[in-house]
Structures are given as C-alpha cells and as structure tokens.
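*Asks:* Have a look at this one before I ask anything.
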Amino acid sequence: MFVGKEIRLKRLLGPSGRLLAITIDHPITRGVMDGLVPIREAMKKIVAGGPDAVTMHKGIAENVFRPYAGRTALIFKSTAYSIPYHPAYDAPVADVEEAVRAGADAISVGMIVGGPEQAAQLTHLGRVSKEAASMGMPLVAHIYPKGTMIKDSKDARNLAYAVRAGAELGVDIVKTNWSGSPETFRRVIEACPARVALAGGEVGDRLEDYFKMTRDAIDIGLAGVTYGRFVWGNPNPTAVIKALRAVIHEGADVEKAMRVHAAALKEEK
C-alpha cells in the first residue's frame, strides 16, 4: 500500500478502526430535502456530533467544507444517480484529480448492479480504481443491487454480489443496504474481503431501530457505516451522531446509545 493511501485511511477510520461517515449527497438523488437546507447550518450540526467523515459532492465541499478541514475527513462523491430521472445509473460527475485537489481523504463512486446499465458502471469503477491507486487515494463505493433485473434488493445473495463486485475491482470500503437480519447480512460480509459499510435506508420509525441495526451489524464484522437521511433528517442530528459514535467506537449497546442520545439532547438545551 502506498504510504499516502495508508495515511488517508487512518484519518478516515475512527479510534476503533471503523468508519462513521455521514452522507449529504442526496439532493441530486432525491431532491432538495429539509434536513439539508440551509446546508451550512446542517453541516455545522453534523460536524458537532463528531463523525469520522462526511461525504459530499464537489460544489458543496467548495462552499461549506473549508471551516471543518482537520475536524473531519472529506469523502469526495464523484457520481450521482437520480431516483426520478435515472435510478439505475450512477453518472460520473467528478474524478480523482479533483478529489486530490480538494484535499479529500477518499473518493466515492456509486454503482447500481443488476441491470443493463451495470456494464458501463463497472467500467467506470475499474477506471477510478486504477486512478485512485496511482494517487494513493482510498476508494469508497456505494453499490446497491437495484437494477431492473433484481427482484429483491435486500436479498443477501444480491447484496453479496454487489459488495464482492466492488472488492473485485479494488474498492477499499463498500457500502450497501441491510438485508434485514444479522444472520443474512453475515453472508454479505463473508462474501467481501474488503471493508463492508452499511447504508441507513429505511429500517424503522425509531432511533432504536437504527442503533440496533448498527450494533447487530458490528457484532458480525461490519467495518462501519455511511448514514444519511435518518441522521440529518432528525431534529437533533448532533445527538444522533454522538450516540452512533458510542455504538461504533465504544461498543455501546442500544440502551446505552439511547442514554448518550438523551444526554446530548440536554447539552444542546
């Protein structure tokens, strides 16, 4: 491993060696959402929680990340899909050179597998993997089995294929969806020699549901999380992130996470 890549990975991963990243790349994908408006205020609340990294597109990084340089790592998102317009194709919108120039600690590529658009996205991921390796830049990939040929996007077999595709092409950290249980998600982790990270998605209506998913996944070998909507969509994202830090980096169970969350809420008042 190039020393540059090792340095960046150590900045990216928290004290436990796992990743707690918050993604704020959603407006292209899902439209402008209340939790990310105004974006400077949202970023302030997110960083106050102490995440290891924040994932964002280049324009948002240019406009809002500068005050937080050195406080949290930057994961530079380089592709974008859109649920209403092109839901199965993550289009390239940036490259490794831009990520290096921005001072990023990793570049992120999204990919949808399981449909006719897969070949083009695999080709692009392979190209970015080569460029990232040559520049000592860690590669994070958000890979979901949501193509038109996929009947169940949460089936462990489909998720295992998604993460293994990333590992086959040199991805360092592969983010995908929860399969619904530790028993089934264990098969996803076992299929992937790279680090597997978890997306938040739509697990339930309560914070306890997300904390439980996180705890269950870590207990079977999860390497981290890159959560978005349920964090910054919460009225108190700082408290949510502090509770997640307790689970991911301090071994907290769900009950302790809720206590950390409650204590953080009191601090904010």
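Read the figures in this text as sums done on the coordinates, not as results from a lab. Computed from a predicted model, the values in this text were never measured in an experiment. As a convention, Cβ positions derive from the backbone with ideal geometry for all residues, glycine included, and neighbour counts pool all protein chains shown.
*Asks:* Consider only pairs whose beta carbons are under 7 Å apart and that are at least six residues apart or on different chains; among these, list those whose first residue lies in region 134-160 and is free of Cβ contacts under 8 Å to residues at least 12 places away in the same chain and closer than 12 Å to residue 177 by Cβ and whose second residue is surrounded by 15 or more Cβ atoms within 10 Å (Cβ to Cβ) and of a type in the set (S, T, N, Q).
*Replies:* 152/158
*Asks:* Tell me, please, whether a residue that is under 25 Å from residue 24 (Cβ atoms), under 15 Å from the mean Cα position of the chain (by Cα) and not in a loop (DSSP other than H, G, I, E, B) can be found in region 113-126.
*Replies:* So far as region 113-126 goes, no, none of its residues is under 25 Å from residue 24 (Cβ atoms), under 15 Å from the mean Cα position of the chain (by Cα) and not in a loop (DSSP other than H, G, I, E, B).
*Asks:* Name the one entry in 216, 172 that is of a type in the set (Asp, Glu) and within 17 Å of residue 107 (Cα to Cα).
*Replies:* On the way: 216 fails: within 17 Å of residue 107 (Cα to Cα).
From the options 216, 172, the qualifying one is 172.
*Asks:* Could you tell me which residue of region 249-263 is surrounded by the most Cβ atoms within 10 Å (Cβ to Cβ), considering only residues that are assigned to a helix (DSSP H, G or I) and of a type outside the set (D, E, K, R)? Give the steps one after another, and end with the answer.
*Replies:* Pass one, region 249-263, residues assigned to a helix (DSSP H, G or I): 249-250, 254-263.
Narrowing the set further to residues that are of a type outside the set (D, E, K, R) leaves 249, 254, 257-258, 260-263.
Numbers: 249: 20, 254: 19, 257: 26, 258: 17, 260: 21, 261: 21, 262: 11, 263: 12.
Selected residue: 257.
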